[in-house]
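Visitor: Take a look at this one; I'll ask things after.
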Amino acid sequence: MSLPRTPLKRMIAMPRLWWHAKGYGVHSPSAYSYVRSVVHEPWHYYAYSRVDKLAREASMSRRTARLLMRAGLWEQSNVAVCECVRPQVREIVTAWSSEAKTIEKWAEGCSMMVVGGEKNGENDVLTAVERVMRQGGTIVLLDADKRTGAARTVLDRMLAQEDRPGVLMTDGRSAIVHVEPGVPGQYYEMLL
């Protein structure tokens, strides 16, 4: 399972990535629902203007920022763990609600986690990822294409695990892991 790294290979793989991003070829009903509601949501949300402004400040794409906000909305978790990310990313995750907040370290009952590529993968990050995967929730990995960083370490570990629970979706630059109890491990390459 290798992701296209060069621009030419990405262009050749683009139809397949687009196909999966629309929900085609996604077999699990819960994974299909997640793809259609979070990954490829065609409707406009009220918080998009604020999210777009924060995305420019954080030097991230509008598409990724909107996806991050929709993932937070899907989980409906008032607390999101944000490890190794820029301050603007914290605001994007909680843009869907004025009551939502972000924390640095994992807390009991937290089902939303964002891991960035700002520093190397530490044991605290890996432990928090394992806890979210045990209880269920969503883990978003930003800047997973960097050679070093927490997000890259987590993605490499997940790709190496044969018995990983949940659905792993990646486009090579970022990744989403959506874990629901009882859903076997699946892997999809798609545009995020």
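The values are calculated or read from the model by the stated rules, or taken from the named source; none is laboratory data. For clarity, every value in this text was computed on a predicted model and none was experimentally measured. Please note: Cβ atoms are built from the backbone with ideal geometry, for glycine as well, and neighbour counts cover all protein chains shown.
Visitor: Across the stretch 31-44, what is the total count of residues that are surrounded by fewer than 15 Cβ atoms within 10 Å (Cβ to Cβ) and touching a residue at least 40 places away in the same chain (Cβ under 8 Å)?
Guide: Result for the stretch 31-44: 0.
Visitor: Based on what the data block shows, is Ser174 free of Cβ contacts under 8 Å to residues at least 40 places away in the same chain and either on the phi > 0 side of the Ramachandran plot or surrounded by 16 or more Cβ atoms within 10 Å (Cβ to Cβ) (or both)?
Guide: no
Visitor: Between Glu83, Glu57, which is among the acidic types (Asp, Glu) and closer than 18 Å to Leu141 by Cβ?
Guide: Matching residue, one of Glu83, Glu57: Glu83.
Visitor: Here are some residues: Glu83, Glu108, Glu118, Glu91. Which one is among the charged types (D, E, K, R) and more than 24 Å from Arg56 (Cβ to Cβ)?
Guide: Glu108
Visitor: Then there's this: Can you name the number of the only condition in (1) surrounded by 21 or more Cβ atoms within 10 Å (Cβ to Cβ); (2) in contact with a helix residue (DSSP H, G or I) (Cβ under 7 Å, 6 or more places away or on another chain); (3) among the hydrophobic types (A, V, I, L, M, F, W, C); (4) more than 17 Å from Arg134 (Cα to Cα) that Ala151 fails?
Guide: Exception for Ala151: condition (2).
Visitor: Kindly indicate which of Thr127, Thr102, Thr94 is surrounded by 13 or more Cβ atoms within 10 Å (Cβ to Cβ) and out of contact with any Gly (no Cβ under 7 Å at 6 or more places or on another chain).
Guide: Thr102
Visitor: Would you please list the contacts, defined by Cβ atoms under 6 Å and residues six or more apart or on different chains, that run from a residue in the stretch 98-115 that is over 11 Å from Cys82 (Cβ atoms) to a residue that is modelled with pLDDT under 85?
Guide: Going by the 6 Å Cβ cut-off, the qualifying pairs are Glu99/Asn78; Ala100/Asn78; Ser111/Ser77.
Visitor: Continuing with the same structure: Looking only at the stretch 58-83, how many residues end up being surrounded by 15 or more Cβ atoms within 10 Å (Cβ to Cβ) and over 14 Å from the mean Cα position of the chain (by Cα)?
Guide: The number of residues fulfilling the criteria is 3.
Visitor: Taking Arg147 as the residue in question, decide whether it is in a helix (DSSP H, G or I), over 16 Å from Ile176 (Cβ atoms) and without any contact (Cβ under 8 Å) to a residue 24 or more places away in the chain.
Guide: No: the conditions fail for Arg147.
Visitor: State all residues of the stretch 105-123 that are at positive phi and either buried (at least 19 other Cβ atoms within 10 Å of the Cβ) or in contact with a Gly (Cβ under 7 Å, 6 or more places away or on another chain) (or both); if no residue qualifies, say none.
Guide: none
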